[in-house]
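The block underneath contains the structure these notes are about, expressed in structure tokens.
Where a number appears in this text, it was derived from the coordinates with a stated rule and is not lab data. Note that the structure is a prediction, hence the values are computed from the model and not measured. FYI the Cβ positions are ideal-geometry reconstructions off the backbone, even for glycines, and counts take in every protein chain you see.
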Amino acid sequence: MKDCCIVLNPNARAVRRIDLEDQLARVAPGAVVRRTSGPGEAEFLAREAVREGFETVVAAGGDGTVNEVLRGIVGTPARLGVLPVGTVNVFAQELGLPLDWEEAWTRILRGGERTVDVGWANECPFIQLAGVGFDAEVVMRVSPSAKRAFGPGAYLWSGLGQLGQAHPTLEIKADGIPTLFGAWVLVGMGRYYGGPIPLFPRACQQDGLLDVLVIREVNLRTALQCLLTVPWGGHSLLDGVEYFQTREVTIEGPAAVEVDGEAMGRTPVRFAVGAERLRVVV
């Protein structure tokens, strides 16, 4: 596949385990593979691939690598491909891609395509989800080595520790709804969060809307209630939870922000759906 550039995160959880770079030389002899050497470099490599005329830029890594490649190609004609070899791979699951990387590569070779919305958190694009407050603090506290060693369990352990902490009050403003206050805000472009968990049951990747979930208090009781009700969508009906759709939402208050599972910064933050659409290989 000569028009394809693979941006490979060598620190992704599965890459070392399966020696992915050598495997790619076997199954993708016509593709160009470029390794990242640190955080943020996937964006640079993706941007360079677009300049060189590659039609498809493949993110070989987890959701963080996907987000970095997105930053490099958003607003261009290039297509995004995904080889899901990271810790959670939420976006790949949203697209219905197989989590076996060779099967995912076969999909890329077939060349099926879908266009999806792109969300923006201030000046940072995102493709699947974002969070303000609790989960962003969890993300900031999970080290890359812990992700490689324990996978999703690293987030669970960090989250349990965060449940007992004090959480600041956030102010949430969106057109058509009264001002809301809460301790944790989640924003979805697709349905899934943290894996195949349908946290945003009304979400659609092509509807031009953000799905917003506001949780007023973060504690063990709320966590257990959501755990029991998320599978059938009942979490959006819980007392202390607000769920709505909007084109943009602004959140203020002293809290961390994450996009696609990676730390972005801190509030204030304005989330919006961009005018551009992204071509994705499915």
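Here the 3J(HN,Hα) profile of segment 125-133, calculated from phi with Karplus coefficients 6.51, -1.76 and 1.60 at θ = phi - 60°, is x, 8, 10, 10, 7, 8, x, 10, x Hz, Gly and Pro shown as x. Restricting to Cα atoms and excluding each atom paired with itself, what does the Kirkwood estimate give for segment 4-111 in Å? Here the Kirkwood hydrodynamic radius works out to 13.3 Å. Each of Thr222, Val273, Ser145 was scored by the projection of its Cα onto the charge dipole of segment 125-275, and the greatest displacement toward the positive side belongs to Ser145; charges sit on the C-beta of Lys, Arg, Asp and Glu. Note down the relative contact order for the chain as a percent, whole number, built from C-alpha pairs under 8 angstrom at least six residues apart. That works out to 21 percent.
Let me check I have the definition right: for the chain, take the eigenvalues of the Cα gyration tensor, multiply each by 5, take square roots. What are those semi-axes in whole Å, largest first?
32, 20, 16
Express in % the proportion of alpha carbon pairs of segment 66-143 at distances exceeding 20 Å. Counting every Cα pair in segment 66-143, those more than 20 Å apart make up 39 percent. Max-minus-min Cα coordinates of segment 125-275 on each principal axis give 42, 33, 30 Å, with the largest extent listed first.
What residues from segment 87-110 fall in the zone where the backbone N is under 17 Å from a label point 7 Å along the Cα-to-C-beta line of Val27? The answer is 87, 89, 92-93, 96-110.
Tell me the mean residue ellipticity at 222 nm calculated for the chain from its helices only (DSSP H runs of n ≥ 4, each -39500 (n - 2.57), averaged over every residue, nearest 500).
Taken over the chain, the calculation gives -9000 deg cm²/dmol.
Contact order, relative form, for segment 4-111: 27 percent (alpha carbon pairs under 8 Å, 6 or more residues apart, mean separation divided by residue count).
Counting only Cβ charges, +1 for Lys and Arg and -1 for Asp and Glu, the dipole size of segment 125-275 around its Cα centre is about 300 debye.
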